[in-house]
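Taking it in order: structure first as structure tokens, then the write-up.
The values are calculated or read from the model by the stated rules, or taken from the named source; none is laboratory data. Here the structure is a predicted model, which is why all the values come from computation and not from measurement. All Cβ positions, glycine included, derive from the backbone under ideal geometry; neighbour counts span all protein chains shown.
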Amino acid sequence: MTSQMEKIVSLAKRRGFVFPSSEIYGRLESCYDYGPLGVELKNNIKSAWWKAMVQSREDVVGQDASILMHPKIWEASGHVEGFTDPLVDCKSCKKRFRADHIVKTDGPMTPQWMKKNFEDKKPKCPECGGELTPIRKFNLMLKTHLGPVEDEGTTVYMRPETAQAIYVDFDIIMKSSRKRLPFGIAQIGKAFRNEITPGDFIFRTREFEQMEMQWFVKPSPQTLSQEGEGRVRGGTPEEWFEYWKKKRMQWYLDLGIKKERLRFREQEKDELAHYAKKAVDIEYNFPFGWKEIEGIHNRGNWDLSRHSEYSGKDLSVMDEETKEKYIPWVIETSAGADRTALAFLLDAYEEIAGGRTTTTESAKEAETVLRFSKTLAPVKIAVLPLSKKEELSSVAKNIANDLRKHWTVDYDETASIGRRYRRQDEIGTLFAVTIDFETLEDKKVTVRDRDTMKQDRVAISELEKYFSNKFK
Ligand code: GAP
């Protein structure tokens, strides 16, 4: 792990953002728990996504489907057949490896690549030098059983993507919400993959959360027109693909991610998932390289056609004007809440050698600031009485309780004020309200801004208005 990752992993654990699951039992590999600050951060990410993708649009509706679904869905979707990783086993030491961990590649593991590097070159086990088995396909879906009997007939899959529930509910949602194409259905929820090589903290795990939106559109060319605030109606799948690409990139920028750390990368034809006609990833420049945080996919009519075929339910729609029937195409935007949380954490992280102030006992120590945006900061305001004395703490607690009605507030009365500012900076708290002995006289408090460290003296009676303006 790079040193920046080590610092983030350590901070995340020490301050209660994210830490390994089941640690008192020796932990469960690749599973993580979000602590008090982590759950606030992740909830803020998910709410920002929901607001941008559902609540602020009249053409996208939401859904929250069950994780366990009819097993035939995964046959229809192609996941039973095609959602696999290539694996080899060592015949001597019995260790199992993903093919690209034996022969490194940055590109896709195509059949040609596998033939050239494994069938022809016959590499040896990297652990013991033993002979390797031919490549086998390993399905990444996790299975479980419903009911008291565990046999083939009771197998169900833990969904590997949230998208499929949207396709199978497409018809009922379209009709019940009286939507007409083009429109979208969005969902946030858990997905599971039995990844062979999980790693890089919460970047690749076996249980994770996705934020997905499926945009249903007519396949034939239509004229683009602008309506309302630059909204595109009609439009071809290709035009909508470009529209959603831009929208999704802007979402990360609006939430403060540095522009130079984001880029688009179009997938090569032989990298594409079995359902995709075209895929462009939004990549973040992680300490371990440029990696995907979100995919924008043109899925054509693959999913709805297959579900029509496998379920027997016709999922085509009728064009009101031409009376022609067609299966809609889908443009998908698919982001990972956990991967995105890692990108936001890394992007916000700043270490200032020697600290920003020299007037406290904590001076000269390196100082860490998480520069989260207003929307994402897990704690918005810290309330810090200068002393623990009852006359100050009672005023401070009242202020904290009032502010807590609107924003997330942390109350802290231990250690020197310099130390407390640093603790708050380290978790990205936006403002600190200090209550001092003068407060008892002039009924005013000092508000310190995390980034500028500028201090304002504000009347207690004006505090709510002051912060309402700040959080507008
Ligand atoms: N429905 C399309 C789909 O699932 P994907 O590219 O496989 O596409 C979309 O996944 C996003 O889900 C990724 O960009 C990533 O953010 C997240 N994701 C996928 N696998 C993950 C894993 N093992 N751990 C954490 N996040 C993951």
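Restricting the search to the range 51-85, which residues are hydroxyl-bearing (Ser, Thr, Tyr) and either out of contact with any Phe, Trp or Tyr (no Cβ under 9 Å at 6 or more places or on another chain) or within 30 Å of Thr375 (Cβ to Cβ) (or both)? Break it down into steps so the answer makes sense when it comes.
The first filter runs over the range 51-85 and keeps only residues hydroxyl-bearing (Ser, Thr, Tyr), leaving 56, 66, 77, 84.
Answer for the range 51-85, where residues must be hydroxyl-bearing (Ser, Thr, Tyr) and either out of contact with any Phe, Trp or Tyr (no Cβ under 9 Å at 6 or more places or on another chain) or within 30 Å of Thr375 (Cβ to Cβ) (or both): Ser56, Ser66.
Tell me, yes or no, whether the range 432-440 has at least one residue that is surrounded by 22 or more Cβ atoms within 10 Å (Cβ to Cβ) and within 27 Å of Lys258 (Cα to Cα). Within the range 432-440 (the criterion being surrounded by 22 or more Cβ atoms within 10 Å (Cβ to Cβ) and within 27 Å of Lys258 (Cα to Cα)), the answer is yes, since at least one residue qualifies.
Among the residues of the range 195-220, the ones that are surrounded by fewer than 21 Cβ atoms within 10 Å (Cβ to Cβ), under 25 Å from Glu6 (Cα atoms) and more than 9 Å from the ligand (Cβ to nearest atom) come to 4 in all. Scanning the range 201-221 for residues being modelled with pLDDT of 95 or more and not in a strand (DSSP E or B) gives a total of 5. Considering the range 18-33 alone, what residues qualify as being without any contact (Cβ under 8 Å) to a residue 60 or more places away in the chain and within 27 Å of Thr408 (Cα to Cα)? Scanning the range 18-33 gives Phe19, Pro20, Ser21, Asp33.
Please indicate, with yes or no, whether at least one residue in the range 381-397 is crowded, with 17+ Cβ neighbours inside 10 Å, in a loop (DSSP other than H, G, I, E, B) and modelled with pLDDT of 95 or more. Yes, some residue in the range 381-397 is crowded, with 17+ Cβ neighbours inside 10 Å, in a loop (DSSP other than H, G, I, E, B) and modelled with pLDDT of 95 or more.
Gly82 versus (1) within 30 Å of Pro182 (Cβ to Cβ); (2) modelled with pLDDT of 95 or more: which is the lone unmet condition? The single condition Gly82 does not satisfy is (2). Residue count for the range 302-338 satisfying the condition of being within 16 Å of the ligand (Cβ to nearest atom), in contact with a Ser or Thr (Cβ under 9 Å, 6 or more places away or on another chain) and not in a strand (DSSP E or B): 6.
Annotation note: Cβ proximity below 8 Å between a residue of the range 260-282 that is assigned by TED's automatic domain parsing to the domain that holds Asp303 and a residue that is of a type in the set (Ser, Thr, Tyr) and within 13 Å of the ligand (Cβ to nearest atom) (sequence gap 6+ or interchain) occurs for Arg261/Tyr284; Leu262/Tyr252; Leu262/Tyr284; Tyr275/Ser77; Ile282/Tyr252. Residues considered: Glu350, Glu332, Glu294, Glu309. Of these, the only one that is outside the structural domain of Asp33 (by TED's automatic domain parsing) and in contact (Cβ under 8 Å) with a residue 12 or more places away in the chain is Glu350.
Within the range 34-43, is there a residue that is part of a loop (DSSP other than H, G, I, E, B), within 19 Å of Gly336 (Cα to Cα) and at pLDDT 95 or above?
Of all residues in the range 34-43, those part of a loop (DSSP other than H, G, I, E, B) come to 35.
Now drop any that are not within 19 Å of Gly336 (Cα to Cα), which leaves 35.
If we keep only those that are at pLDDT 95 or above as well, we get 35.
For the range 34-43, residues part of a loop (DSSP other than H, G, I, E, B), within 19 Å of Gly336 (Cα to Cα) and at pLDDT 95 or above: present.
Report whether or not Glu29 is touching a His at 6+ places or on another chain (Cβ under 9 Å), modelled with pLDDT under 95 and under 29 Å from Gly199 (Cβ atoms). It is false that Glu29 is touching a His at 6+ places or on another chain (Cβ under 9 Å), modelled with pLDDT under 95 and under 29 Å from Gly199 (Cβ atoms).
Among residues of the range 1-32 being in a helix (DSSP H, G or I) and of a type in the set (A, V, I, L, M, F, W, C), the one that is surrounded by the fewest Cβ atoms within 10 Å (Cβ to Cβ) is Ile24.
Using the structure shown, decide if Arg263 is surrounded by 13 or more Cβ atoms within 10 Å (Cβ to Cβ), within 11 Å of the ligand (Cβ to nearest atom) and at pLDDT 95 or above. It is false that Arg263 is surrounded by 13 or more Cβ atoms within 10 Å (Cβ to Cβ), within 11 Å of the ligand (Cβ to nearest atom) and at pLDDT 95 or above.
Evaluated against (1) under 24 Å from the mean Cα position of the chain (by Cα); (2) surrounded by fewer than 21 Cβ atoms within 10 Å (Cβ to Cβ), Asp270 falls short on exactly one condition, (1). Number of residues in the range 147-159 that are closer than 17 Å to Lys190 by Cβ and not in a strand (DSSP E or B): the value is 1.
Is there a residue in the range 289-297 that is over 15 Å from the mean Cα position of the chain (by Cα), modelled with pLDDT of 95 or more and either on the phi < 0 side of the Ramachandran plot or away from the ligand (no atom under 16 Å from the Cβ) (or both)? Yes, that holds for at least one residue.
Scan the range 77-92 for residues that are assigned to a strand (DSSP E or B) and polar (S, T, N, Q) and jot them down. Quick ask: steps written out before the conclusion?
If we filter the range 77-92 for residues that are assigned to a strand (DSSP E or B), which is where we start, we get 84-90.
The one that is assigned to a strand (DSSP E or B) and polar (S, T, N, Q): Thr84.
Only one of the numbered conditions (1) among the small types (Gly, Ala, Ser); (2) more than 13 Å from the ligand (Cβ to nearest atom); (3) buried (at least 19 other Cβ atoms within 10 Å of the Cβ) is not met by Ala279, and that is (2).
Considering only the range 144-158, I want to know if a residue exists there that is in contact (Cβ under 8 Å) with a residue 12 or more places away in the chain, within 16 Å of the ligand (Cβ to nearest atom) and within 28 Å of Arg96 (Cα to Cα). Before the answer, list the steps.
First, pick out the residues of the range 144-158 that are in contact (Cβ under 8 Å) with a residue 12 or more places away in the chain: 144, 146, 155-158.
Narrowing further to those that are within 16 Å of the ligand (Cβ to nearest atom): 157-158.
Subsequent filtering for residues that are within 28 Å of Arg96 (Cα to Cα) retains 157-158.
Yes, the conditions are met somewhere in the range 144-158.
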